[in-house]
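Heads up: the structure comes next, in structure tokens.
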Amino acid sequence: MRKLISSSVALLLVLALSSCSGGGAQKPDAGLAGNEAASTEITTAAPADTQSGTPDTTAVTEELSNDMEENNGVPSITEDFSGNELIAVKRGSAILSVVQDDAAKDGRALFIEGRKESWNGADYKAELFRGNEIEVKGSFRSANKAVRVSIQFNVRGNTTYNMVFAVNTNDSSYTAGSGKYTIPASAEHIVVYIESDELKDIYCDDFSVNVCGDYTYYEEAAEALFANTSEYPSLRDTYADLFRIGMAVSPTILSKPQYAELVKAQCSSITAENDMKPEAILDYGTSVSDLDKYREAPAMKFAHLNVELGFAQENGMTVRGHTLVWHSQTPEWLFYKDYDKNGELADRELMLKRMENYIKGMMEWTTENYPGLISAWDVVNEAADDNGGMRKSLWYQTIGEDYIEKAFEYARKYAPEGAKLFYNDYNSYQKRKQEDILAFLKPVAAAGNIDGVGMQSHIGTYMSINEYMVALKKYVDELGVEIHITELDIGADKSDDWEEKQGKYFSRFMKKIIALKNDGVPITSLTLWGISDSLSWKAGDRPLVFRDDLSRKPAFDAMINARAED
Ligand code: XIL
């Protein structure tokens, strides 16, 4: 049975004794192993497959919450294995059971067998300890030389594995150990676990995890990480009379209230950073399951789009549909006759059918489910080659050089009224690349099938703002289109005052954009490619306008202030 502290009196008593709360059977300190270790980062990389199956923390959150009710609001894990109920769950291929063991204190222990890798063992899910210092205790018996207790958690998507303590073990009697660890407030999917470098069985007795000092409620711990963004001036409102302001988002971002609130306050448009790309939409399994049915019209899946499109709809935003025809993030199997990469490439006729059906499928599903929501489609993305001419992508190889014209022709055929059709590319301000782009877009413009050019604008503070603005205007003049800045991020340099310098650059960039717009150049949307620096696809360049805690960088203020002077 789990032993829990059931009153505040008991809690205070334990706090006074040890500074770490927690009941359960306690061994005197003298009994602790001499090799008890402080929290140390494990240097050897944990095996990738420990990450498979992110722990489901729902169950334990409920379980620990129940404990908390009996425990003065403080979570606690205390297991002496005297009953049959186990809090521990198996880790990897390990098999867990409670067994009779004469060497154990009450004659019963947790038995961990079937271990095939060093990290296999027993997991204790520990989400509610987030942001707190914990003390972990346990006694172990094993023919392995040592047993280790470690902690695993994710911080912004990266999993880390850290040792809490290790004990030197022997097969005949139990050795107790303990260690403390401070869990970052930003940690998620937190698991305390028992493992060992050797693969022999492990017996465990008297296992506990308790909070040291005052408990910080785990949701507050995460909350405290973020700046209060509610009073920020709004980019959306500041630019409302000039153009839409957007950000690239993901379902993960939108599921976190701090990010979602910021996006709502700052944006009138969003772009799905990855979810509308062909690799997220095309359904291989269904496509190959019935080639007669799907050969010309690959199967598509849309349900995941409800998160981003639903968010935009609820909050009165529009969406940039990104992207239909692209060489990247498009599965290679699409280009093969039987969707089989070992077989033959599909011929022009077949690929034209697939292209048409894919564009039709995207337009029909979005129009039916979210009428009027998608204001612009990036019909073709990045078709210019960095070394000149057209990129020799699989679209080019299978269809030929008119694939761009065809894509726009189909897009026009199926696009609902009001949805604008864009060509989108990076470095498209560079002279030579612009010449190439203009060359292949001219026939598209002549056919009346393009409405806009998207300048991705993944740039750095080295870029000539003047060259960029000249190029922007040239697209308008030569193609008669409008301009969206579709993926703006501006990489910083490595100097100490990088934030200020980047802010000044943002200021110069935005002032020029505003000036062009005021001169009548049809710039109708500006999207930032993400929210905060470490969530950027170019995190190393710290290219966005919010820091990781969502505090505003000089770049954000520069964007707001640029308007004050126009
Ligand atoms: C990037 C996303 O930001 C990443 O998350 C993804 O791993 C790769 O693609 N040009 C584009 C965008 O048109 O779709 C790319 O987005 C960045 C470059």
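The values are calculated or read from the model by the stated rules, or taken from the named source; none is laboratory data. All values reported here derive from a predicted model rather than from experimental measurement. Virtual Cβ from ideal backbone geometry, glycine too; neighbours counted across all protein chains shown. Just the protein is used for accessible areas: all its heavy atoms, side chains included, with ligands, DNA and RNA removed. Shrake-Rupley method; radii C 1.70, N 1.55, O 1.52, S 1.80 Å.
Quick notes on this one:
- Other residues with beta-carbon under 10 Å from the beta-carbon of Asp402 carry, at +1 per Lys or Arg and -1 per Asp or Glu, a net charge of -1.
- Stretching the chain fully between Asn518 and Gln397 yields a gain of 39.3 nm (0.36 nm per residue, less the alpha carbon separation).
- Disulfide-incompatible cysteines by the Cβ rule (no partner under 4.7 Å) in the chain: Cys204, Cys267
- Put the Cα centre of region 341-373 next to the Cα centre of region 413-427 and the gap is 15 Å.
- Aspartates and glutamates whose Cα lies under 12 Å from that of Lys125, excluding same-chain neighbours fewer than 8 positions away: Asp56, Glu62, Glu63, Glu188
- Using 0.36 nm per residue and subtracting the Cα-Cα separation, the extra length available between Asp340 and Asn170 on full extension is 55.7 nm.
- Surface composition of the chain: carbon and sulfur make up 48 percent of the accessible area, probe 1.4 Å.
- Applying a DSSP loop filter and a limit of 11 other Cβ atoms within 10 Å to the trypsin sites (Lys or Arg not before Pro) in region 458-513 leaves Lys494.
- The chain, helix-only ellipticity at 222 nm - DSSP H runs n ≥ 4, -39,500 (n - 2.57), divided by all residues, nearest 500: -9000 deg cm²/dmol
- Relative to the longest principal axis of the Cα atoms of the chain, helix 431-446 runs at roughly 70 degrees.
- Accessible area (Å², per residue) of the chain, counting only protein heavy atoms and a probe of 1.4 Å: 41 Å²
- The C-alpha atoms of the chain define a longest principal axis, and helix 58-70 lies at about 50 degrees to it.
- Excluding same-chain neighbours fewer than eight residues apart, the lysines reachable from Lys392 by a Cα-Cα span under 21 Å are Lys277, Lys337, Lys341, Lys353, Lys406, Lys431, Lys433, Lys442.
- Stretched out straight at 0.36 nm per residue, the stretch from Glu500 to Ala447 would grow longer than its current Cα-Cα span by 14.5 nm.
- Trypsin sites (Lys or Arg not before Pro) restricted to region 352-423 and DSSP loop, no more than 14 other C-beta within 10 Å: Lys392
- Straight-line cross-link partners of Lys264 among the lysines, defined as a Cα under 21 Å from its Cα and at least 8 positions apart when in the same chain: Lys256, Lys553.
- Between region 153-191 and region 254-321, the Cα center-to-center distance that results, in Å: 38 Å
- Point-charge dipole on Cβ atoms (K/R +1, D/E -1) for the chain, about Cα centre, debye to 20: 1100 debye
- Once the Cα atoms are used to define both axes, helix 257-266 deviates from the longest principal axis of the chain by about 20 degrees.
- Test item: Cα-centred dipole of region 271-450, Lys/Arg +1 and Asp/Glu -1 on Cβ, debye: 380 debye
- With the simple model of a label 7 Å out from the Cα in the direction of the Cβ, Ser255 to Glu332 spans 3.1 nm.
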